[in-house]
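Accompanying notes for the structure given below.
Rule-based calculations on the coordinates, nothing more; no lab input. These numbers come from a predicted model, not from an experiment. Because the Cβ atoms are built from the backbone with ideal geometry, glycine has one as well, and the counts that use them run over all protein chains shown.
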Amino acid sequence: MSTTCDHIQANPDISGIGIRINLYVTTLLLVLVPNTRRTAPLLNVLTSNAGISGAALLITALIETGKHRLSLYHAIFIIHALFFMGISISPIDECAGKYKGNLTARVLLSMILSHGLLLLFTGYAFYVWATAPKFGQSPRCNDQIRYIILFAIKIRATVGWLRKLWMAGLGFVFAMMIILPLIGTCTVLLVKSNPSSVFVSSNPNNQPIRFSVTRLAFGLTPVYGIIHLELYVKANKALLTDSEEALSFGQIYALVMIISIGAELLHFILTLCGHGDGDTDD
């Protein structure tokens, strides 16, 4: 373990306050806004913003890592943000309403793009944790980076058991992302060749319970991610050369993206208040 740690170079375009505000606002609204016909335009804007932000963070991480300019601190920030808050491009839910015709091919294209990005993220995260002690721009500081567990427990990000836990989980997810699509493809082909073999069994009494549990899990996971990400930033703030609070171009761009969300949210509120005015959409 090195005792001559230089400070980690600040990178506000990755973990600055503007980037974090954009991620948090988008993520929380996606959790809070119900999925209904009336809220569909708002959810489309939120999903698109989340997809752009997530893909931008991942692509930035890959480029910066390739140039040996990304620190382990910022790599873990990106992994944590995308793992707990989600990452997507070309949302499948939107593709049906944008264009007419050839729906199957467009849904398949959306699935391939999203699945490919998830595979790329999982592989990158596995690489970061596998090489954590020597990863990045300032490897001498890696042993001093603190990772937060259960809101209060601080441990070294390079400790062996933490890395093995992440690698085991990511390895399992990566394997399932390869195996499950293959099983699904084989199932579809089997059903097409022998439709009479399909058997559907479902207890409708269990549906509300399943929905409630799923909704709760999807709601709590991003909240957990946001709290831990802020605790992680606070715990390692002293390691950075400069504060990441100053607004850079990347942060300003991320904040400007929230304006589109605010505009769509305002439109949604106005539609709720506009009943009886005779100016509703056909």
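Observations on the model:
- Distance violations [Cα-Cα > 22 Å] among Lys67/Lys164; Lys67/Lys134; Lys154/Lys237; Lys67/Lys154; Lys134/Lys237: Lys67/Lys164; Lys67/Lys154
- Segment Val191-Ala168, extension gain: residue separation times 0.36 nm, minus the distance between their alpha carbons: 4.9 nm
- Ranking of His68, His7, His74 by neighbouring Cβ atoms within 10 Å, starting from the fewest: His68, His7, His74.
- Here the residues Glu245, Glu64, ranked from fewest to most Cβ neighbours within 10 Å of their Cβ, fall in the order Glu245, Glu64.
- Taking Cys141, Cys273 and counting other C-beta atoms within 10 Å, the order from fewest to most: Cys273, Cys141
- Net charge contributed by nearby residues that have their C-beta within less than 12 Å of Arg156 (K/R +1, D/E -1): +2
- Translational diffusion coefficient (Stokes-Einstein; Kirkwood radius from C-alpha pairs) of the range 100-163 at 10 °C, 1.306 mPa s, in µm²/s: 109 µm²/s
- Proximal charge balance of Gly16 [Cβ under 12 Å; K/R count +1, D/E count -1]: -3
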